[in-house]
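The values are calculated or read from the model by the stated rules, or taken from the named source; none is laboratory data. All values reported here derive from a predicted model rather than from experimental measurement. Neighbour counts run over all protein chains shown; Cβ positions are idealised from the backbone, glycine included. In case anyone asks, the SASA skips ligands and DNA or RNA and just uses the protein heavy atoms, side chains included. Shrake-Rupley method; radii C 1.70, N 1.55, O 1.52, S 1.80 Å.
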Amino acid sequence: QVQLVESGGGLVQHGGSLRLSCAASIHILSMNTMGWYRQALGRQREVVARITRSGSTNYADSVKGRFTISRDIAKNTMYLQMNSLKPDDTALYFCNAGWFQADYWGQGTQVTVSS
């Protein structure tokens, strides 16, 4: 069983920055892929950024150039650095991990960007 705990959300002004963290209960290199997803009120959950075991990354078009996904292997923690935040980035952000053909999710952390 994998446990994922997000932190770092909050209220920020348009143009501001936040860094989200996702702490995993197991070694993150044992996971196939980890990623960040978000769900805004009344909308479907969408992928924001993903990182593979080898370290390859990909991003949703809406966040390219503004968000950066990274990880600290020694701390078993994944991060999402979010810069130039916009009101459209307001959502509940979830950490996701794939492990042995199963998907695991954190409880989510709220990000609110004021205009």
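By the Stokes-Einstein formula, at 1.567 mPa s and 4 °C, region 52-115 with its Kirkwood radius over alpha-carbon pairs has D equal to 96 µm²/s.
Return the loop-located trypsin sites (Lys or Arg not before Pro) in region 1-83 (DSSP other than H, G, I, E, B) with at most 16 other Cβ atoms within 10 Å of their own Cβ; answer none if there are none.
Here the sparse-neighbourhood loop sites are 43, 45, 53, 64, 66.
Once backbone amide H atoms are built at 1.01 Å from N, residue 25 has 3 as its partners under 5 Å, excluding neighbours fewer than 5 places away on the same chain.
Phi-derived couplings, Karplus 6.51 cos²θ - 1.76 cosθ + 1.60 at θ = phi - 60°, listed residue by residue for region 64-72: 4, x, 10, 10, 9, 9, 8, 8, 10 Hz, with x used for Gly and Pro. Here the Karplus relation 6.51 cos²θ - 1.76 cosθ + 1.60, evaluated at θ = phi - 60°, turns the backbone of region 101-115 into coupling constants of 6, 10, 9, 10, 10, x, 7, x, 9, 7, 10, 10, 10, 8, 8 Hz, with x for every Gly and Pro.
Under a 1.4 angstrom probe, counting protein chains only, how are 72, 89, 103 ranked by accessible area, largest first?
Values: 72 45, 89 0, 103 100 Å².
The ranking, largest first, comes out as 103, 72, 89.
For the chain, what is one quarter of the convex hull surface built on the Cα atoms, given in nm²? Working shown, then result.
Numbers: hull surface 26.6 nm².
It is 6.7 nm².
Amide H to amide H, with H built 1.01 Å from N, residue 48 comes under 5 Å of 36, 37, 38, counting only residues 5 or more places away or on other chains.
Taking Cα centre as origin and charging only the Cβ of basic (Lys, Arg, +1) and acidic (Asp, Glu, -1) residues, the dipole magnitude of the chain rounds to 140 debye.
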